[in-house]
Amino acid sequence: MQEEEFYIGWLAKAPPSFARRTRQFILVSVLSLPLVIGCLVYFQQGFSNGVFEYGKQTSLIGKFSPTPAPFLILESANQTNGRLTPQSILLVGVGKHGYFADPKEIPAGSKVRVDGFLIYREGKVALQVKSIAVLEKDSSVNYTPFASVLNAAPIRLQGEITDPKCFLGVMNPGEGKPHQDCAVRCLAGGIPPLLKVHDGDGKDAYYLLFGPNGAPLFPQIQQYVGSGIGLCGRIQTFDNWQMLYVDTTSIQRINKYALDAGPMCH
Amino acid sequence: MALSYDPVHWTPHKRLYDRILIAFIGVYLLCFIGLQSIFHPDCTLETTVIRATGTLGFFMLHLILIIGPLCRLDRRFLPLLYNRRHFGVAMFLVALSHGVFNLFQFHAMGNVDPMVSLFTSNTQYGSLARFPFQALGFFALLILFLMAATSHDFWMKNLGPRVWKSLHMGVYFAYALLVMHVMLGVIQLEKSPVLIGMVGLGMFVVIGLHVAAAIKQSKIDAASERNIAIEAGQAVPEGFVYACEWAEIANNKAKMLLIGKENIALFRYEDKISAVHNVCKHQNGPLSEGRIIDGCITCPWHGYQYLPENGQSPPPFTEKLSTYDVFVKGTSVYVHPSPYPEGTQRIPAEISMVS
Ligand code: FES
């Protein structure tokens, strides 16, 4: 009878049958790589075309509007029918922080020059502020943003809460469960929450969320970030942005892709 | 001859193993990042790196977990087991880079410390679907760290093989945590049935091979017990139990016996028979599947050696096994199932080829 081969790890050479099996294992592992990687890459759901121009500085001049969230309103953006159509740019801070300005140093309505890095997606623009310089101070106490329209009747919306900074382009994907903790951190840092509403036609609409009087909604909404919710609120169109003043008692957890209207709003 | 301490005993095998391992990791990362930039050019580099390292670590863990049962099903896979700890440490480093990238991406530069953020951003510990999956990844990484940090034989000696082995069985707990980490994390966003199917297939292969190996082992155990049950009762010296016919044991090989709670390896060599405890002092390897090489019992897993008459490793090594009395009557071999203290010299039973 032929002596069965025996392998000892510290010997220089493995018996042929052991070496063959080892090679087979390595071969199968290596050959499975293209299939494994191919499937893992190909079957991801895809990514948005949001952009964060990190490292590419942009200088913008406009009016500073601090409420309900800090915006820079460009007055020289576009001319349509002889009328100015300004673009409002949400100002955010570095990292997971919102942008905060001292109202004494930068009163509402002041003309400012902001240097920073643009973040944009689907017509919504934010700017990570690097520095801000006041060009003309405005002393008017009640500055009303240009083209601000408040809808009187509350409406019901359903979607997912995330943060606009990541969602617009700093992170991709900047939504869903994997991004949930990051969104919470951004909201905790003072960035206003963003509600992404899926309208069923494959189109999404976005709303910045505030309390009924424009107060920050964090931390009340911490537990709802990253999952489907339904809520009621009044919409304010603010230039190319939509603000939603939320009735906090109406927030409900739902399937974010549900299309039914849910309970009426009061 | 000077004896010097060598933290890693490098052999050509180990070097080759590590080279293949590093090439495997490099090829995976390059292919993943390359394909991702072709199919998903809008994906940020950070997300690509997080997904590449996460999937690679999880894939490597599957390969690591199947090596054990593969070796039990077919001994010829043993060279893979011999250096598996290098594989484990490499997998931990890949998983660590995934964890660090995540911690930085999702938790750094906020209003609290990243580690505080990790456990307090999502507080829904009471919900399965919304469970903080990153915490699961953290604890899995902690287990993998403990295993990687104690993978060296130095730790095995200090902790003792039983504690060391139990600690390293933690890999199964880490695997369970990681399956949950994936299912409650990225799969909540990436819902492709193919991706979910891949996680399922991985679990099926890991669990299936373990079950197959366990069935094979239980058959071996049952066979060795049955042998004793059938033959017990023959006239034997006081306290001795019939084991087998000596011809059933090939020269320089062993037979495993389970007598009560005693797991015994019965070796035949140079017309002698000796019995030692069947469990290797290194990592509990099955000595009865080993051989007598250069007069020493040689463990099939990593080659630890013991003298059959006293269970002691030859100097300068200090490992010791329990020994048992063996008695041969005619062609039959009997074993006394009470162990002697580890390293106790016993006179081997002689077998007579002309009977
Ligand atoms: S278990 Fe490693 S040499 Fe025996």
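The values are calculated or read from the model by the stated rules, or taken from the named source; none is laboratory data. What you see is a predicted model; the values in this text were computed from it and never measured. As a convention, Cβ positions derive from the backbone with ideal geometry for all residues, glycine included, and neighbour counts pool all protein chains shown. These area figures cover heavy atoms from the full protein model, side chains too; ligands, DNA and RNA do not enter into them. Shrake-Rupley method; radii C 1.70, N 1.55, O 1.52, S 1.80 Å.
Values as computed for the structure displayed
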| read-out | value |
| --- | --- |
| Solvent-accessible area per residue, Å², over the protein assembly as shown with all protein chains present [probe radius 1.4 Å] | 47 Å² |
| Segment B:54-121-segment A:88-105 distance, computed between alpha-carbon centres (Å) | 39 Å |
| Most mobile listed residue (A:D115, A:D102, A:D163) in chain A, GNM with C-alpha springs under 10 Å | A:D102 |
| About the Cα centre, charge dipole magnitude for segment B:12-216 (Lys/Arg +1, Asp/Glu -1 at Cβ), debye | 940 debye |
| Projected label distance in nm at B:I196 and A:Y54, using a 7 Å step from Cα toward the beta-carbon | 3.3 nm |
| Partnerless cysteines, meaning none of the other Cys C-beta atoms lie under 4.7 Å away, in chain A | A:C39, A:C166, A:C182, A:C186 |
| Leading residue at positive end of dipole, the protein assembly as shown (Cβ point charges), from B:Y269, B:F240, B:I351 | B:Y269 |
| Accessible area of B:W155 in the full protein assembly, 1.4 Å probe (Å², nearest 10) | 100 Å² |
| Helix B:133-149 vs. chain B, principal-axis angle (Cα, 0 to 90°, nearest 10) | 40 degrees |
| Computed magnitude of the charge dipole of the protein assembly as shown (debye, nearest 20; Cβ of K, R +1, Cβ of D, E -1) | 500 debye |
| Cβ-derived FRET efficiency at R0 51 Å, A:D201 paired with B:L73, nearest 0.05 | 0.40 |
| Only Lys, Arg (+1) and Asp, Glu (-1) charged, at Cβ; chain A dipole about Cα centre in debye | 240 debye |
| 10 Å Cβ neighbours from other chains, averaged over peptide B:71-77 | 4 |
| Under 28 Å from the Cα of A:K196 - lysines, other chains or at least 8 residues apart | A:K56, A:K63, A:K96, A:K124, A:K130, A:K165, A:K177, A:K256, B:K191 |
| Helix A:16-42 vs. chain A, principal-axis angle (Cα, 0 to 90°, nearest 10) | 20 degrees |
| Surrounding net charge for B:T331, when Lys and Arg each add one and Asp and Glu each subtract one, Cβ distance under 10 Å | -1 |
| Neighbour net charge for B:E350 - beta-carbon separation under 10 angstrom, K R +1, D E -1 | -1 |
| Under 17 Å from the Cα of B:K261 - aspartates and glutamates, other chains or at least 8 residues apart | B:D221, B:E225, B:D325, B:E342 |
| Per chain B, cysteines lacking a partner by the 4.7 Å Cβ criterion | B:C31, B:C43, B:C71, B:C244, B:C296 |
| Added length on full extension, which subtracts the Cα-Cα distance from 0.36 nm per residue, B:M203 to B:A223 | 4.2 nm |
| Inter-chain shielding of B:41-51 (mean C-beta neighbours from other protein chains, 10 Å cut-off) | 4 |
| Given charges at Cβ of Lys, Arg, Asp, Glu: chain B dipole, positive-most of B:H107, B:L35, B:M183 | B:L35 |
| Per-residue SASA entry for B:H277, accessible area with 1.4 Å probe, Å² rounded to 10 | 50 Å² |
| Segment A:T67-A:I26, extension gain: residue separation times 0.36 nm, minus the distance between their alpha carbons | 8.6 nm |
| Carbon plus sulfur fraction of accessible area for the protein assembly as shown, probe 1.4 Å, in percent | 63 percent |
| Chain lengthening between B:T318 and B:I347 when straightened (0.36 nm per residue, less Cα-Cα) | 8.4 nm |
| Sites matching chymotrypsin sites (Phe, Trp or Tyr not before Pro) across segment A:41-77 that sit in DSSP coil, with at most 14 neighbouring C-beta atoms within 10 Å | A:Y54 |
| Degrees, to the nearest 10: A:176-188 long Cα axis against longest axis of chain A | 40 degrees |
| Dipole of chain A [Lys/Arg +1, Asp/Glu -1 at C-beta], most positive-end residue of A:Q57, A:G95, A:S110 | A:Q57 |
| Ellipticity estimate at 222 nm from DSSP helix runs (n ≥ 4, -39,500 (n - 2.57)) divided over chain B, nearest 500 | -16500 deg cm²/dmol |
| Hits among lysines - C-alpha to C-alpha of B:K281 under 16 Å, sequence gap 8 or more where chains match | B:K157, B:K165, B:K320 |
